[in-house]
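Okay, so here's the structure we're looking at.
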Amino acid sequence: MELHILEHSLKVASIEKEGIEICTHGLIKLAFLASKTRCKFFSLTETPEDYTIIVDEEGFKELPQSNLISVADSTWLALNVVSGGGNASSSQPIGVTKIAKSVIAPLADHNISVFMLSTYQTDFILVRERDLPMVMHTLSSEFTLFRVVNGETVAAHNLGISNGFVKPKLVPRPIIHPLSSPSNMFCVTSLDPDTLPSVATLLMDVMFYSRGSKEVGASGEDSTHIRFFSFSLIEGYISLVMDEQTAQRFPNNVLFTSASGELWKMVRIGGQPLGFDECGIVAQISEPLATADIPAYYISTFKFDHALVRKPW
């Protein structure tokens with residue numbers, strides 16, 4: 001298999017709920033007027049706590065400076081696994097479980113923290129730029145490594161790793177974080193970018209203005225029903241994660257859905273904000289699922305992690 005190191009230098013940030021209004025203009029530009037920017041990697045995820053944005057440096061310029069925006073103090077790079085041959089059987093797990101043992105577990109064993117973003121199309125493993133030499137050293141025996149430079153895919157070199165490079169001692173998995181599961185079911189879907197203008201108003205309402213459903217216990221709402229919506233526009237491909245009630249608001253035949261109309265159950269990881277330094281959190285969840293051949297998507301946010309598992313599970 002091939003591991004591609006994408007050329008985007010990424011920022012990971014949290015926008016507080018009350019700060020979304022000052023950011024809406026820039027976020028709308030990034031999501032709906034991408035041709036007016038030089039941004040190639042943009043993802044926005046709303047959780048009950050905040051909005052998490054993952055964006056390249058060009059896109060980050062579209063956001064205002066504000067004390068309501070917290071930025072992780074690292075530059076991140078996105079890795080993408082490309083399978084050769086295209087002969088994967090339909091019984092193979094999809095999503096993060098496909099790379100759990102070949103990528104996520106080895107990085108956790110070598111004390112390398114990752115930030116995951118699963119999309120409808122693929123999985124992105126985000127690593128700190130400063131960790132890249134260690135990442136390449138760890139994965140070079142399993143993958144052919146490539147780096148994207150100015151849009152061209154070229155063989156990746158050792159990035160200065162010398163013969164004296166010392167392999168670190170393997171670290172044990174950290175303790176298991178508490179898990180919770182909201183009651184709502186979720187769709188992982190996409191849409192043709194050409195149809196984006198036809199649903200732009202609806203998407204803006206969902207992304208920025210539909211706030212009633214996230215008030216816990218309001219209007220008799222199930223207290224375990226959470227607000228979660230993710231929109232990604234990465235290199236021209238759109239990915240959406242939303243609960244089934246939100247998906248029903250879209251016109252027929254706009255969203256890409258499977259013939260079975262499959263839904264996904266969410267598991268939230270963390271009893272308090274996880275931070276960015278602990279290693280092995282993704283591995284804790286993805287390795288057992290991979291062993292059981294259970295498909296899953298995984299979305300890290302600024303404060304918590306989220307795994308999506310097909311129903312029934």
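Would you check if there is a residue in region 145-164 being at pLDDT 75 or above, open to solvent by less than 80 Å² (accessible area, probe 1.4 Å), within 22 Å of Gly95 (Cβ to Cβ) and not hydrophobic (A, V, I, L, M, F, W, C)? No.
When the test is whether a residue is part of a helix (DSSP H, G or I) and among the charged types (D, E, K, R), Glu62 does not pass it.
Of all residues in region 254-272, those that are over 17 Å from the mean Cα position of the chain (by Cα) and either closer than 23 Å to Val71 by Cα or open to solvent by 40 Å² or more (accessible area, probe 1.4 Å) (or both) total 10.
Restricted to region 273-313, and to residues that are closer than 23 Å to Leu44 by Cα and among the hydroxyl-bearing types (Ser, Thr, Tyr), which residue is most open to solvent (accessible area, probe 1.4 Å)? It comes out as Tyr297.
So, of the residues in region 286-310 that are polar (S, T, N, Q) and part of a helix (DSSP H, G or I), which turns out to be nearest to the chain's Cα centre (by Cα)?
Once the filter is applied, the top-ranked residue is Ser286.
The values are calculated or read from the model by the stated rules, or taken from the named source; none is laboratory data. Note that the coordinates shown come from a computational prediction; the quantities given were computed from them, not determined experimentally. Positions of Cβ are generated from backbone atoms using ideal geometry, with glycine treated the same way; all protein chains shown enter the neighbour counts. Protein only, heavy atoms only, side chains kept; ligands, DNA and RNA dropped before computing areas. Shrake-Rupley method; radii C 1.70, N 1.55, O 1.52, S 1.80 Å.
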